Amino acid sequence: MKHNPKRLAAIRKLPCIRCGNPHSQAAHSNSAKHGKGRSIKASDEFTVPLCHSCHFKFDTFQLGNRAESEAMFDQWLVKVDRMLVVEDREVF
């Protein structure tokens, strides 16, 4: 697993990507394609902000089956990466 404390800190400052709750956590991908394995978290580069409730639902596949969850995460990741780029450039 590749650690990226700067990314994790930036992720935690963003609102939940699913519901908009301002209190979020860095949620790691549950996909093997991102390095997830038994008792092994995916790389920190594959994290999105999720509130506690959405994080639990995502990790327990209450938001869809594995394929649906992976597709949903991939969409979230694209949005989050764009948000982080905008923040880095301080466009506003």
Taking first residues from region 9-33 that are over 16 Å from Arg82 (Cβ atoms) and second residues anywhere that are among the aromatic types (Phe, Trp, Tyr) and part of a helix (DSSP H, G or I), the pairs with Cβ under 7 Å that are 6 or more apart or on different chains are Ala27/Phe58; Ser29/Phe73; Ser31/Phe73
Mind listing whichever residues of region 22-81 are over 22 Å from Pro5 (Cα atoms) and among the β-branched types (Val, Ile, Thr)?
Thr60
Working only within region 27-55, note down all residues that are farther than 17 Å from Ser69 by Cβ and in contact with a Leu (Cβ under 6 Å, 6 or more places away or on another chain).
Asp44
Which residues, taken from region 49-82, are touching a Lys or Arg at 6+ places or on another chain (Cβ under 7 Å) and assigned to a helix (DSSP H, G or I)?
Cys54
Quick check on Ser53: is it hydroxyl-bearing (Ser, Thr, Tyr), touching a strand residue (DSSP E or B) at 6+ places or on another chain (Cβ under 8 Å) and at pLDDT 95 or above?
no
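The values are calculated or read from the model by the stated rules, or taken from the named source; none is laboratory data. For clarity, every value in this text was computed on a predicted model and none was experimentally measured. For neighbour counting, all protein chains shown are included, and Cβ atoms are generated from backbone atoms with ideal geometry for every residue, glycine included.
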